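Below is one structure, written out as structure tokens, with a few remarks after it.
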Amino acid sequence: MKAFTYELKEGIATLCLDLEDSVVNILSFEVLEILDAKLDELHQTKGIKLLKITSAKEGIFIAGANISEIEGLRDEQEAYELVRKGQRIISKISDLSFPTVAIINGACLGGGLELALACDYRLATENPKTKIGLPEVNLGVLPGFGGTQRLRKLTGLSKALELILGGKILNGKKAEKLGLVDACVPVGYLEFKEKAFIDMILNSPDKILAKRKTGSFMDRYLPSIVFSYARKNVMAKTKGKYPAAISILDLFEKTEGKDLQIGLDLEAKAFSKLAVTDISKNLIGLFYSSEALKKESGTKRKANPILINMINVIGAGVMGAGIVFQFSKLDKLVRMKLRRYEQAGEAMKSVAKVYEGFIKRRRLTKAEVGQKLAHISYTTEFNGFSHCDLALEAIVENTEAKQELYAQLEEIMDEKAIIASNTSSLSISMLSEKMQHPERFIGMHFFNPVPRMPLVEIIAGKKTSAKTIATVVALAKEAGKTPIVVGDCAGFLINRILLPYINEAVRMFEEGADYERIDKIITDFGMPIGPFVLADEVGLDVGYKVAKVLEDAYGDRMKVSNILDRVYHQMNLLGKKAGKGFYIHTAKKREVNDAVKALVFSKRAFDEQEIIDRAMLIMINEAAMCLEEGIVDNAQYLDMAMIMGTGFPPFRGGLLRYADSLGLDSVVISLKALEKNHGLRFKPAKLLVSMAKNKETFYH
Ligand code: NAI
């Protein structure tokens with residue numbers, strides 16, 4: 001295999017990475033070995049004044065290490081030896097007797113950045129494809145080719161921790177600001193600037209070195225405070241469920257002030273411990289799923305998406321305002337249809353609040369926010385609707401109201417324009433029954449809160465055209481979301497799985513379990529919030545309506561629990577938006593609502609495992625039925641949807657990966673026992689029974 005080209009001209013050696021038969025450069029062990037031989041040769045070569053490492057690939061320096069090699073590691077000792085070997089090869093770059101420089105004009109991630117860090121100097125470009133970072137923590141490991149040690153030396157402790165713990169990816173300019181690269185130049189001037197930079201390395205390197213920052217006062221004199229602050233943040237963010245983050249902190253602490261060689265050895269030990277864990281395998285699996293989803297067009301039929309520039313949003317409630325934000329941020333023209341002008345105030349207030357957060361976190365400037373807000377306009381009629389490419393409906397969850405609106409939209413809008421609904425439970429085929437052009441109608445189900453939730457369920461009705469599907473999938477991706485095409489059934493994929501879980505939690509409360517304890521046990525399991533807090537957040541009215549649609553569609557299996565009915569209908573509680581639901585919500589805290597607690601007299605001791613089993617197995621069972629019915633293409637996409645739409649803990653790899661970890665035969669045995677005690681809603685799905693019988697798993 002060829003991994004690079006080499007030339008030596010007027011004392012400047014150029015190693016141009018160009019992996020044979022590949023569009024990207026990847027730092028596999030095979031590539032490292034080829035590099036190793038070349039570096040040995042360079043050590044011996046006379047007359048080299050400087051080594052330049054660059055890439056021939058468009059938009060890529062080195063995309064990273066070979067993830068499948070990390071995934072394949074099963075033995076800690078073997079992992080340690082391999083990583084030590086990689087470290088030794090990369091260290092040969094820093095051991096060369098002449099200066100070395102990495103020219104980064106494209107993605108420089110993971111192992112790629114570790115190689116660049118072993119060079120004496122780094123020059124990056126403003127190319128939008130230049131992305132620099134060490135994202136290993138997202139795969140449940142840490143940088144193992146010296147990245148932790150060399151980055152700290154370059155940027156100081158706090159910045160290195162921030163970059164590695166956050167798995168942050170920076171553009172060239174930001175990398176320059178943080179001291180990760182020595183300079184960042186416009187891509188059009190690269191040739192000329194590179195020459196000047198090399199001249200400076202050869203003639204006055206002090207000018208470059210003087211610009212380097214050596215870390216803050218705290219980094220140098222009070223590292224213990226930096227560590228304790230970072231540890232507090234990590235624990236708050238991960239609740240101790242992600243060992244890589246903790247291991248990174250431990251490693252930095254252990255290697256503080258130590259020699260590079262000791263640091264490298266400890267880094268390799270920490271890496272190899274993490275690389276063989278199930279958590280790392282789960283996170284790598286999710287990475288593959290997300291890469292596969294990025295390539296999906298949403299349809300197997302051939303279709304070119306329409307470019308969407310102007311969007312109408314009808315309904316200025318919680319979801320409407322979120323959607324308006326999302327598209328205005330994308331610089332699309334957004335026209336809101338209100339019932340009354342005063343609704344504009346509320347909607348714009350919530351849009352502005354999200355933008356304020358962006359300004360505070362310095363993600364956007366005030367001027368940029370001003371420009372984005374200028375994309376939004378509103379009407380109480382349908383003025384301006386005829387020019388729009390897409391209308392997104394987010395009005396009340398009521399079939400007649402929605403169908404009446406679609407008839408009006410079909411009258412006004414262009415024949416080619418798409419009409420999409422944000423319905424959370426109503427069938428798309430049913431909603432489009434009376435439309436003249438059902439082929440241009442589709443479900444585009446965002447999750448609440450829209451700015452934060454990455455999932456968008458895309459639901460095609462029986463007559464939806466491939467072009468319509470491809471267009472909304474492309475639009476959702478453009479907006480930075482993860483679209484997943486799901487089948488047109490009541491509740492679609494996520495609500496169909498999630499509602500039985502909330503219902504089951506409420507039933508346990510009905511049987512005498514303390515609901516605050518249920519919430520605690522479920523969050524300890526890894527869900528971001530417990531089912532009762534979730535019900536309050538969604539709104540008990542919204543949740544109840546969806547639960548009723550599911551009960552009508554699936555019968556006894558999804559019968560709305562008695563307590564949910566009483567809390568919403570008799571007590572008129574709406575959840576967080578009205579300050580009262582299962583909890584009393586004030587600006588500062590959340591307390592159990594005694595009035596709801598008093599609805600149940602019985603008390604029964606529930607052990608923790610029973611609570612987890614009932615909550616999780618009811619979801620696993622419904623998920624298996626969804627797969628059986630083809631509501632989603634495969635287990636990977638279902639797991640991604642659960643993670644992106646409900647916050648199911650990524651470290652568990654997804655709901656069905658969790659089922660695999662329990663063993664499908666034991667899942668079926670537990671479901672049967674629950675069916676005996678609690679009724680047919682736990683009857684194991686046919687798919688689970690047959691998979692258990694054949695000793696199959698969702699993942700191989
Ligand atoms: P909401 O009650 O906050 O807002 C609905 C808005 O639509 C109100 O501003 C209302 O005045 C307006 N509206 C009603 N009929 C209208 C009409 N004919 N023309 C113009 N505006 C009209 O409701 P929310 O929560 O925003 O839900 C909207 C849709 O999104 C529903 O279909 C819901 O099922 C769905 N959804 C809700 C989620 C949630 O968590 N709240 C999550 C995902 C989807």
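Rounded to two decimals, what ratio of Rg to Rh does segment 247-383 give with C-alpha atoms and a Kirkwood Rh?
1.22
Among residues other than residue 360 whose Cβ falls under 14 Å from its Cβ, what is the net charge (Lys/Arg +1, Asp/Glu -1)?
Summing Lys/Arg as +1 and Asp/Glu as -1 gives +3.
Need one word for segment 606-690: rounded, prolate or oblate. Basis is the Cα gyration tensor (sqrt eigenvalues a ≥ b ≥ c); a/c below 1.5 gives rounded, then a/b vs b/c decides.
Note, shape of segment 606-690 comes out oblate.
Rounded to the nearest 10 degrees, what's the angle between the helix 190-203 long axis and the longest principal axis of the chain, both from Cα atoms, 0 to 90?
So the inclination is approximately 50 degrees.
For segment 108-114, just list the computed ³J(HN,Hα) in residue order, Karplus coefficients 6.51, -1.76 and 1.60, θ = phi - 60°, integers in Hz, with x standing in for Gly and Pro.
Per-residue couplings from phi come out as 9, 10, x, x, x, 6, 4 Hz.
How would you classify segment 106-146 from its alpha-carbon gyration tensor, with a ≥ b ≥ c the square roots of the eigenvalues: rounded for a/c under 1.5, else prolate if a/b is greater than b/c, otherwise oblate?
In terms of gyration-tensor shape, oblate.
Using the C-alpha gyration tensor of the chain, what are the square roots of 5 times its eigenvalues, in whole angstrom, with the largest one first?
So the three semi-axes of the chain are 48, 31, 25 Å.
In Å, what is the Rg of the alpha-carbon atoms in segment 393-462, and how long is Dmax?
Values for segment 393-462 (Cα only, Rg and Dmax): 12.0, 35 Å.
First check a/c for segment 112-192, with a ≥ b ≥ c the square roots of the eigenvalues of its C-alpha gyration tensor; if it is under 1.5, answer rounded, and if not, answer prolate when a/b is larger than b/c or oblate otherwise.
Prolate, because a/c is 1.5 or more and a/b exceeds b/c.
In the neighborhood of residue 196, defined by Cβ-to-Cβ distances under 14 Å, what is the net charge if each Lys or Arg adds +1 and each Asp or Glu adds -1?
0
Can you sort 362, 566, 339 from fewest to most other Cβ atoms within 10 Å of each residue's own Cβ?
Ranking 362, 566, 339 by Cβ neighbours within 10 Å, fewest first, gives 362, 339, 566.
Say the cut-off is 20 Å between C-alpha atoms; which of 9/49; 294/481; 462/545; 281/683; 9/195 go over it?
462/545; 281/683
Compute the relative contact order of segment 310-486 as a whole-number percentage, counting only Cα pairs closer than 8 Å that sit 6 or more residues apart in sequence.
Relative contact order, segment 310-486: 21 percent.
Each residue of segment 611-624 in order: what ³J(HN,Hα) in whole Hz does its phi give by Karplus 6.51 cos²θ - 1.76 cosθ + 1.60, θ = phi - 60°, with x for Gly and Pro?
5, 5, 4, 5, 5, 7, 5, 5, 6, 4, 5, 5, 4, 5
For 69, 176, which order do you get if you count the other beta carbons within 10 Å of each Cβ and list the fewest first?
Ascending Cβ contact count within 10 Å gives the list 69, 176.
Along its principal axes, what span do the Cα atoms of segment 494-693 show, with the longest given first and each in whole Å?
The Cα atoms of segment 494-693 stretch 48, 33, 33 Å along their principal axes.
Using the alpha carbons of segment 310-486, what is the convex hull volume per residue in cubic angstrom, as a whole number?
It comes to 100 Å³ per residue, whole-number rounded.
When only alpha-carbon atoms count, how far does segment 187-246 stretch along each of its three principal axes, as whole angstroms with the largest first?
Sorted largest first, the three principal extents are 50, 30, 15 Å.
Separation of segment 180-233 and segment 621-700 by C-alpha centroid, Å?
Going from one Cα centre to the other spans 49 Å.
Once you've got the Cα coordinates, tell me which of 2/129; 177/589; 337/597 are over 31 Å apart.
177/589; 337/597
So what is the relative contact order for segment 392-451, in percent, with contacts set as C-alpha pairs under 8 Å and at least six apart?
Worked out over segment 392-451, it gives 39 percent.
What are the aspartates and glutamates whose alpha-carbon lies under 15 Å from the alpha-carbon of residue 676, with same-chain residues fewer than 8 places away excluded?
Candidates past the 8-residue exclusion: 610, 613.
Could you work out, for segment 411-553, what percent of all Cα-Cα pairs fall into each 10 Å distance bin, beginning at 0 Å and stopping at the bin that holds the largest distance?
Values per bin, smallest distances first: 11, 35, 31, 15, 6, 1.
If you scale each eigenvalue of the Cα gyration tensor by 5 and take the root, what three semi-axes come out for segment 478-563, rounded to whole angstrom and sorted largest first?
With the √(5λ) rule applied to segment 478-563, the semi-axes are 23, 19, 11 Å.
Could you pull the Rg and Dmax for segment 4-276, using just the Cα atoms, both in Å?
My reading of the Cα-based Rg and Dmax gives 18.0, 56 Å.
Arranged by the count of other C-beta atoms within 10 angstrom, fewest first, what order do 375, 387 take?
Sorted ascending by nearby Cβ count, the order is 387, 375.
Bear in mind that the values in this text are calculations on the coordinates, not laboratory data. Quick caveat, the model's predicted, so the values are computed rather than measured. Glycine gets a Cβ as well: all are built from the backbone with ideal geometry, and neighbour counts include every protein chain shown.
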